[in-house]
Amino acid sequence: MEFASLKYVYKASAKPDAYTLLLLHGTGGNENDLLPLADFFGPDVNVLSVRGNVMENGMPRFFKRLGMGIFDEKDLEFRTSELVHFLKQLSVEKGFDVTRLIALGYSNGANIAGASLVMYPDFLAGAILLRPMQPFADKYPETLEVSHPVLITSGKLDPTVDPTATERYISMLKNAKFDVSAYELPMGHNLSKSDMQLASDWFIENFKS
């Protein structure tokens, strides 16, 4: 299979060496859904929001699944490589620094961002994973030489994610030398202002000089 292009929205910052915030929506979302979240990061970031190109009952996703919480891992591998290839090409076209990408993914979007951490551990400068699941059952990232920061927020009342599985995921990333900050919030699968406040604080701590 050949890699396909993806639909996206790109908004450039006036700052020459800006980080680029990569927004990755949840199931049924699109490239416009998470744009309001970019406001939490201020004007000094480029914003790139991408639409998943897999359809499930008319709903966009970033990769196929076999059932609720059961990923088609072969498709996930392909779609992750496709996304990374697309981002590298787009960085040349738009002129942003592909080494300064920070992913913000929600649910399905968090899972393809997580898959990129496993398959291409040095690719993202950082990642914000909101309500994620471990992307692969038996695939693990190589150990980083230079640590990259990762934020994970989970919902204590989230019926879709097993808390013990989240703990295993966090341990896996830490074992690969990712600098993981993890928070369990008193809510379900939906996002809240608390998620975004944590994300904003994490960004300032790790990427604001």
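Values quoted throughout were computed directly from the atomic coordinates according to the rules given, and no laboratory measurement underlies them. Quantities reported herein were computed from a predicted structural model and do not represent experimental measurements. Neighbour counts run over all protein chains shown; Cβ positions are idealised from the backbone, glycine included.
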Indicate the gyration tensor shape class of segment 97-209 (rounded, prolate or oblate), computed on the Cα atoms with a ≥ b ≥ c the square roots of the eigenvalues: a/c under 1.5 is rounded; otherwise a/b larger than b/c is prolate and the rest oblate.
oblate
Checked the chain with the C-alpha gyration tensor, a ≥ b ≥ c its square-rooted eigenvalues, rounded below a/c of 1.5, otherwise prolate if a/b is larger than b/c and oblate if not; verdict rounded
List the GluC sites (Glu not before Pro) within segment 1-63 that DSSP assigns to loop and that have no more than 11 neighbouring Cβ atoms inside 10 Å.
GLU2
What FRET efficiency would be calculated for the residue pair ILE70, LYS156, taking the C-beta separation as r and a Förster radius of 22 Å, to the nearest 0.05?
0.45
Report, by chain and number, residues whose modeled amide H sits under 5 Å from the one on GLY188, excluding near sequence neighbours (fewer than 5 apart, same chain).
LEU157
Taking +1 at the Cβ of each Lys and Arg and -1 at the Cβ of each Asp and Glu, which of VAL45, LEU117, TYR169 sits farthest along the dipole of the chain towards its positive end, judged by Cα position relative to the Cα centre?
VAL45
Exactly which trypsin sites (Lys or Arg not before Pro) in segment 161-209 are in a DSSP loop and have at most 12 other Cβ atoms within 10 Å?
LYS208
Do any GluC sites (Glu not before Pro) in segment 128-174 lie in a DSSP loop with no more than 12 other beta carbon atoms within 10 Å, and if so, which?
GLU142, GLU145
